[in-house]
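The values are calculated or read from the model by the stated rules, or taken from the named source; none is laboratory data. Quick caveat, the model's predicted, so the values are computed rather than measured. Note that we place each Cβ from the backbone using ideal geometry, even for glycine, and neighbour counts take in every protein chain shown. These area figures cover heavy atoms from the full protein model, side chains too; ligands, DNA and RNA do not enter into them. Shrake-Rupley method; radii C 1.70, N 1.55, O 1.52, S 1.80 Å.
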Amino acid sequence: MSITEISGKVRSGGRLDPSEALELYSNASTSLLGLLADEFRARRHPDGIVTYIIDRNVNYTNVCVARCNFCAFYRPVGSEEGYVLGFEEMFRKIDETIAVGGGQLLLQGGHNPDLPLEWYEDLFRAVKARYPAFRLHALSPPEVIHLSRLTRLPVPQVIERLIAAGLDSIPGGGAEILVDRVRKLLNCYSKATADEWLDVMRHGHMSGLRTTATMMYGTVETLEERLDHLFRLRDVQDETGGFTAFITWSYQPEHTELGGGEATGIDYLRTLAISRLVLDNFDNLQSSWVTQGGKVGQLSLAFGANDMGSVMIEENVVRAAGASYCMDEIEIVRNIENAGFVPKRRNMHYEILGDPIFRERAVPRMLELAVARAEGDTTRPPEINRYAARSTTEKKARLTGAPPEGLRRPGH
Ligand code: SF4
């Protein structure tokens, strides 16, 4: 089919097949791709509303045994720079989030062998006991699989236990590209194969949870493999309808073992646009301004996105790899309005919560993103000793009574 015929099919509500999507993605002009995606967005969201959420991205530990080669965030077990956040620190972060109008934590972290399932359950219960209405959007599929392996419980049982403790929804992280050839090259095949990642989402949806889906592109994959990823997501969404939104961002190469360059802004906009067209059963596509910057983030509203994602209060993962854009609510709202849309606050389920909060009451401005831990701060949360150690480093530390190198209090 020619590009004109495929465009006509898309405009009349037809479904793209893989070869048509590849033809558009490879050969359509950027302006045409943008126009088709924008028309799709306008059909799906005719009210001109662009949403955003106020939440906080908390990375509870950077200690990880998975060692993905594109990741600049993790530290190996025993590293002096490893950290685990304490429950009290999490409560402080929640208090700060509530102060700026937020109602949710996006909680993700490394695969730390010394944090058993009970640690997560205790944390979730403690949060819910203290902040009953606060939402926990937590633990991407590879973290759920990691817990399933640690406990030797099947994934559905791990999910049920997490729900019972207070889990509200699952973020779509750790998907990278859902093609096993790529996952092997990125050293993330053993943390979760493509099928395993999708299965966690299926189980989550069947347990009544809503989840998001993501794609990190720009490493070693081909355009066909990016499209495979999108079609696999579309198939699961056809089955379950459980995804609320899709977010794509480009690989951030700084400080990673894999190295290489970063995809261009044009590549981002083309990838966003083709995602909007292929994922015709997803209601919402987010702009990834944290990796692309505010201006490309704003432009993405003309390339299929209808949501500006999160008003970031904290970011650790992509910042470790060199991206560090920050916008508070005032700036996000300005970007939405200047692009001709109506800004509305939402929750994880994309229910509208209201107008911008800074127009209702004074909120502190956030001109810089917070980090999980200040450099050199290796304080050790007291409750960690309640849980059995699994790593040799942690076991040794318990025997000698000294905290492991990476979790030493300053001055000790
Ligand atoms: S991407 Fe996640 S799982 Fe992979 S090394 Fe980094 S923290 Fe660990």
Revision key, fill the gap. Which residues qualify? For Leu353, with a placed amide H closer than 5 Å and at least 5 residues away or on another chain, they are Arg345, Arg346, Asn347
**Study point:** Distant-in-sequence amide H partners of Leu285 (H built 1.01 Å from N, under 5 Å)
**Key:** Phe246, Asn306, Asp307
Review point. What shape does segment 240-380 have by the C-alpha gyration tensor, where a ≥ b ≥ c are the square roots of the eigenvalues, rounded means a/c under 1.5, and otherwise prolate means a/b greater than b/c and oblate the rest?
Key: oblate
Revision key, fill the gap. Here the gain from full extension of Ile266 to Thr240, 0.36 nm per residue of separation minus their alpha-carbon distance, amounts to 6.1 nm
Check your understanding: When the dipole is taken about the Cα centre of the chain, and only Lys, Arg (+1) and Asp, Glu (-1) are charged at their Cβ, what size is it in debye, to the nearest 20?
Key -> 800 debye
Exercise for review: For the chain, set up a Gaussian network in which alpha carbons nearer than 10 Å are linked by springs, and say which option among Thr51, Thr193, Thr211 fluctuates the most.
Suggested key: Thr193
Check your understanding: Using 7 Å Cα-to-Cβ label points, what is the Asp377/Glu81 separation (nm, one decimal)?
Key -> 1.7 nm
Check your understanding: Within the chain, what is the longest stretch that has no GluC sites (Glu not before Pro) placed in a DSSP loop and near at most 16 other beta-carbon atoms within 10 Å?
Key -> 82-253
Review point. With a Cα-only, solvent-free Debye model of segment 171-263, what are the log10 I(q)/I(0) values at q = 0.16, 0.21 Å⁻¹?
Key: -0.63, -1.02
Check your understanding: Relative contact order for segment 101-235: what is it in percent, counting Cα pairs under 8 Å that are at least 6 residues apart?
Key -> 25 percent
Check your understanding: With charges set only on the Cβ (+1 for Lys and Arg, -1 for Asp and Glu), what does the dipole of segment 253-322 come to about its Cα centre, in debye to the nearest 20?
Key -> 240 debye
Exercise for review: Per residue of segment 210-218, in order, report the coupling 6.51 cos²θ - 1.76 cosθ + 1.60 (Karplus, θ = phi - 60°) as ³J(HN,Hα) in whole Hz, putting x for Gly and Pro.
Suggested key: 9, 9, 9, 9, 9, 8, 9, 10, x
Study note, to complete from the structure: Residues whose built amide H sits under 5 Å from the amide H of Met215, excluding neighbours closer than 5 in sequence, are Ile247, Thr248, Trp249
Review point. Largest first, what is the accessible-area ranking of Arg125, Arg359, Arg75, Arg234 with a 1.4 Å probe?
Key: Arg359, Arg125, Arg75, Arg234
Check your understanding: Hey, what number do you get for the chain at 222 nm if only DSSP H runs of n ≥ 4 count, each worth -39500 (n - 2.57), divided across all residues, to the nearest 500?
Key -> -12000 deg cm²/dmol
Review point. With the dipole of the chain worked out from charges on the C-beta (+1 for Lys and Arg, -1 for Asp and Glu) around the Cα centre, which of Leu85, Met348, His205 lies farthest toward the positive end?
Key: Leu85
Point to revise | Asp180-Ile330 pseudo-label distance in nm [points 7 Å out on the Cα-to-Cβ vector] | key: 5.3 nm
Check your understanding: Between Ala42 and Glu88, how many nm apart are label points set 7 Å from Cα along the C-beta direction?
Key -> 5.6 nm
Point to revise | Qualifying lysines (Cα of each under 22 Å from Cα of Lys128; at least 8 residues distant if same chain) | key: Lys93
Review point. Measuring with a 1.4 Å probe in the full set of protein chains, what accessible area per residue, in whole Å², belongs to the chain?
Key: 39 Å²
Check your understanding: If pairing requires two Cys Cβ atoms under 4.7 Å apart, which cysteines of the chain are left without a partner?
Key -> Cys64, Cys326
Study note, to complete from the structure: Of the convex hull drawn through the C-alpha atoms of segment 19-78, the volume per residue in Å³ is 180 Å³
Exercise for review: Calculate, for Ile163 and Asp283, the FRET efficiency according to 1/(1 + (r/R0)^6) with r their C-beta to C-beta distance and R0 22 Å; round to the nearest 0.05.
Suggested key: 0.45
**Study point:** Positive-pole candidate from Val144, Ala126, Thr219, dipole of segment 119-251, charges at beta carbon
**Key:** Ala126
Exercise for review: May I ask you to evaluate 6.51 cos²θ - 1.76 cosθ + 1.60, the Karplus curve with θ = phi - 60°, for each residue of segment 48-62 and list the ³J(HN,Hα) values in order in whole Hz, giving x for glycine and proline?
Suggested key: x, 8, 10, 9, 7, 10, 9, 8, 10, 8, 9, 9, 6, 8, 9
Practice item. Enter the accessible area of Arg334 (Å², nearest 10), with the probe set to 1.4 Å and all protein chains included. Key: 120 Å²
Revision key, fill the gap. Scalar couplings 3J(HN,Hα) for segment 279-287 by Karplus 6.51 cos²θ - 1.76 cosθ + 1.60 (θ = phi - 60°), nearest whole Hz, x for Gly and Pro, are 7, 6, 9, 9, 6, 10, 10, 8, 7
